[in-house]
Amino acid sequence: MKLACISLEMHPRRPFRISRGWRAEVRNVFVRIERDGIPGYGEAAPINYYQETWQSVMAKIENAREFLSTLNLQSVTDIEGAWMELWPLVAPSRAAQCALDLALWDWLGRRRGVSASQLAWNAAARPVTTFCTIGLSDQEELIAKVAEARDFPQIKIKASSDASLDAVRYTRAHTDALIAVDANCAWESADLHSLSRELAGLGVAFIEQPFPPVRDAELSKASALLPLMADESCVTEEDVERAAGRYSGCNIKLVKCGGITPALRMARRCRALGLRPMVGCMLESSALISAGAVVAQGADFADLDGAWLLSDDPFDGWAFDRGILRPPASPGLGLTPREKWFPEQG
Ligand SMILES: [Mg+2]
């Protein structure tokens, strides 16, 4: 297979708040593989928190060029084998492994003329209801964001270290959405028991990652009156085992674990352990979001609004329709690049 790899700067529709200020851009890495005139597209969203940058991811992807040139891909089993063989070439970058894994799923689906969902689940893709995330916001921003998402079915609200629930109360008062709260590890000094009681009273469905992963041992289902979902505490496949007994479910993200291949195993392992699988995202184009929607066919929750939050998505894929992702009719991941930004020769 021929390989091309580029990084693209993309822009959120609204600048978003991070711990030390604001960001108005994100730079993701995209790959295109090709054989027999059939392309396959993949994406990585490198995250500093997981020690990945677009430069480090691109360098690791380059290490896979020779392997891909001789790869013979006929089946999902072949993808699983390739995923294992790619790891020594791209380690420690799960993001690089993710971008390549997506491209293999996309290529195989296109080759067979079926969707990646059909390959993964042996069933046609169903629409996916997704959370729409409201980030840390001042009052004016909150009012605008809730107005935009008013009739969306599910809203996830980010909470900060002050553990203020004002945004949750405001959202509850102005929408009928299913609400979840994501603390992003920030509730270190908060009383989880009383917070969860208050949130349960507001009809909140679950709390995501209240404490940093180092404090997982303190979590027990008894301390919180709501289900707890692991995000930063559930990165790769091994973490699913540890989540059992501490969390009620896992937020599986393809770029954390290495693509569709391990994410499917994680979703299935969650089920076997009595955990609720959820599929989440970073700020991602429709390439990664469409791959997430494939895994979400077997999940209880999806948080796949990343591409909707962008002003310049380089792909058409699963379409965001007021909180519902609708599957495209085309094979593979169903992606159409919006611009011709990949070189012809890899
Ligand atoms: Mg989260």
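Observations on the structure shown:
- Sole exception among (1) buried (at least 17 other Cβ atoms within 10 Å of the Cβ); (2) within 13 Å of the ligand (Cβ to nearest atom) for Leu219, by number: (2)
- You will find that of Arg276, Arg268, the residue that is over 29 Å from Ala24 (Cα atoms) and more than 16 Å from the chain's Cα centre (by Cα) is Arg268 and no other.
- When we screen Leu288, Leu283 for residues that are within 14 Å of the ligand (Cβ to nearest atom), hydrophobic (A, V, I, L, M, F, W, C), in contact (Cβ under 8 Å) with a residue 12 or more places away in the chain and assigned by TED's automatic domain parsing to the domain that holds Ala149, the only hit is Leu283.
- Val235 being among the hydrophobic types (A, V, I, L, M, F, W, C) and surrounded by fewer than 24 Cβ atoms within 10 Å (Cβ to Cβ): yes
- Selection status of Phe320, surrounded by fewer than 24 Cβ atoms within 10 Å (Cβ to Cβ), under 25 Å from Gly332 (Cβ atoms), in contact (Cβ under 8 Å) with a residue 40 or more places away in the chain and outside the structural domain of Ala45 (by TED's automatic domain parsing): yes
- Strands (runs of 3 or more DSSP E) (entirely within the stretch 1-71) containing at least 1 residues that are surrounded by fewer than 16 Cβ atoms within 10 Å (Cβ to Cβ): 2-10, 16-18, 21-23, 26-35
- Of the residues making up the stretch 250-270, those that are within 12 Å of the ligand (Cβ to nearest atom) and either in a helix (DSSP H, G or I) or under 19 Å from Glu218 (Cβ atoms) (or both) are Cys250, Lys256.
- Pairs meeting the criteria (first residue in the stretch 38-52 and under 15 Å from Glu232 (Cβ atoms) and assigned by TED's automatic domain parsing to the domain that holds Leu102, second residue aliphatic (A, V, I, L, M) and part of a strand (DSSP E or B), beta carbons under 8 Å, at least 6 apart or on different chains) are Glu52/Ala44.
- Scanning the stretch 246-258 for residues that are more than 16 Å from the chain's Cα centre (by Cα) and either closer than 21 Å to Ile38 by Cα or modelled with pLDDT under 95 (or both) turns up at least one hit.
- Each residue in the stretch 171-199 was checked for being away from the ligand (no atom under 15 Å from the Cβ) and among the β-branched types (Val, Ile, Thr), and 2 pass.
The values are calculated or read from the model by the stated rules, or taken from the named source; none is laboratory data. Source: prediction; values computed, not measured. Cβ: placed from backbone, ideal geometry, glycine included. Neighbour counts: every protein chain shown.
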